[in-house]
Amino acid sequence: MARAAVLHAVGDKELDLRDDVTTVEPGPDQVKVRIRATGVCHSDLSTMTGVLPSVPPTVVGHEGAGVVSEVGAHVTSVAPGDHVVVNWTPDCGACPECLRGEPYLCMTFIARSFGEPAFRLGDGTPAYGMAGTGTWTEEVVLPWQGVIKIDDDVPFEYAALLGCGIPTGVGAVVNTAKVEPGARVAVIGAGGVGLSVIQGARISGAATILAVDPNEAKHPVAERFGATHTATLDSLEDTKNLLTAGQGFDYVFEVVGKSAAIATAWGATRRGGDVIVVGAGAADDAFTTDAFTLLFDGKSLKASLYGGCDLKRDIPRFVDLWRAGRLDIEGLISRRIGFEEINDAVAALRAGDVIRQVVLFD
C-alpha cells in the first residue's frame, strides 16, 4: 500500500489523500519507481480544473524523481537502485513524431494511459495517472522510456524539477527559439516556468531580458534569476519603447497559458520576431489575429511543448549547467513539504504565492 493524492472529480478543490493505493504490476517493458520527490506544478492545478484532460479517479502529479525498485524482463536501460527522473512524455521511437526527431510530440504512451489504469484504490476501484504518470504518490509504474537515469549525487528535489519545469522553460529558449547571444527577450509570466525561461535566456547570452508580471513582488525574484528589466502589464508598452526604440523584442515567451497573454506577447514582439507559447491553455480560449498583419508583420507563432526537449539528451546538459553554477535549481524551490501538506500546496499554487513547492517522501 502507498500514499497517493487522488482527484475524484474535475473541479474538486481538494484531493483525497489516501494510504491504501497500489500500483499495477509492472509488465515486461515497464519499471516501478519509488518516488522520493515530486514538484507541485501549475499543470497539476490545470488537471484539477479540467484545463488539461484526465480520467478520474486520477492520481495527480507529473514532475518527479525517485529510485527504481523493480524492472520488467525486457528492460535493460535501468536497474533496481538507479536514480531516475520521470519523463511524462516518453518517446516510443516508432511513431511519425519520433521518427522526425520530435520525441516531445509523441502521444503513444499518454494516449494509452487514458485507457489503462495504473493504480488501484483500497476498495478495488481502478485509478489513472495524470499524463500517464501520477507522481503524487510513493510508487508508480511507467514504461521504461518514462524514466531517465541520473547520477546519484543529484538531490531528488532538484531531479524532480528536471522532469518538467526546467526542461519546459530552459528548453523553450535553447531548443524552440534558439536564442542567440545579444538577443532582446521578453517573458510574459514570472512563475516557476517563467523563471526557467529567464534562466535559459541568461544562459544563452541574451543582452536584454524583460520579465513581465502584474505581481510586482515577483520582479526582484526575476532579476535574481537573470532578468535585466521588469515591467507590469500597464508599463509594458513604455518599457518596450525604452528598451527597443519602439521596435519590439526579438523573442517573446508566453508562460501563462491564456490567450490574452499570447496577445500581449504578440504585441511586444518586433516585426519578424518570434512569439513562443509555453503555457498550457484551455481548448476554448482562442487567440486570433488578422490575416493582413499575420503576413506583413512577418512574426512567427511557435509552440514549445515540453521545451522541445529530448530528455535523454537534455537532462545531462541541465545537470552539467547546474554543476557549473549556471543553472540555479535551489532558488526555484519555495518550500519543501510533506505528503500531508499537498492540499495546502495546491491552495498556495492557486493563490500564486510560490515558485515551486516540492513534496518529499521519506
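Brief remarks on what is shown
- By average C-beta atoms within 10 angstrom, highest first, the peptides 72-85, 31-44: 31-44, 72-85
- For segment 1-71 and segment 221-294, distance of Cα centres in Å: 33 Å
- The mean of 1/r over all pairs of different alpha-carbon atoms in the chain, once inverted, gives a Kirkwood hydrodynamic radius of 20.6 Å.
- Relative protection proxy for 287-293, 164-170, from highest mean packing down: 164-170, 287-293 (other beta-carbon atoms within 10 angstrom).
- Peptide ranges 1-10, 322-331 listed from the most packed, as the mean C-beta count within 10 angstrom indicates: 1-10, 322-331
- Among beta bridges that DSSP assigns inside the chain, antiparallel share in %, nearest 5: 55 percent
- Tensor-based shape of segment 72-164 (alpha-carbon gyration tensor, a/c under 1.5 rounded, otherwise prolate or oblate): oblate
- Semi-axis lengths, largest first, of the ellipsoid equivalent to segment 166-305 are 20, 17, 15 Å, with √(5λ) applied to each eigenvalue of the Cα gyration tensor.
Computed from the coordinates by the stated procedures, all read-outs in this text should not be read as laboratory data. Treat the numbers as computed from the prediction; the structure is a model and nothing was measured. Every residue, glycine among them, receives a Cβ derived from its backbone with ideal geometry; neighbour counts consider all protein chains shown.
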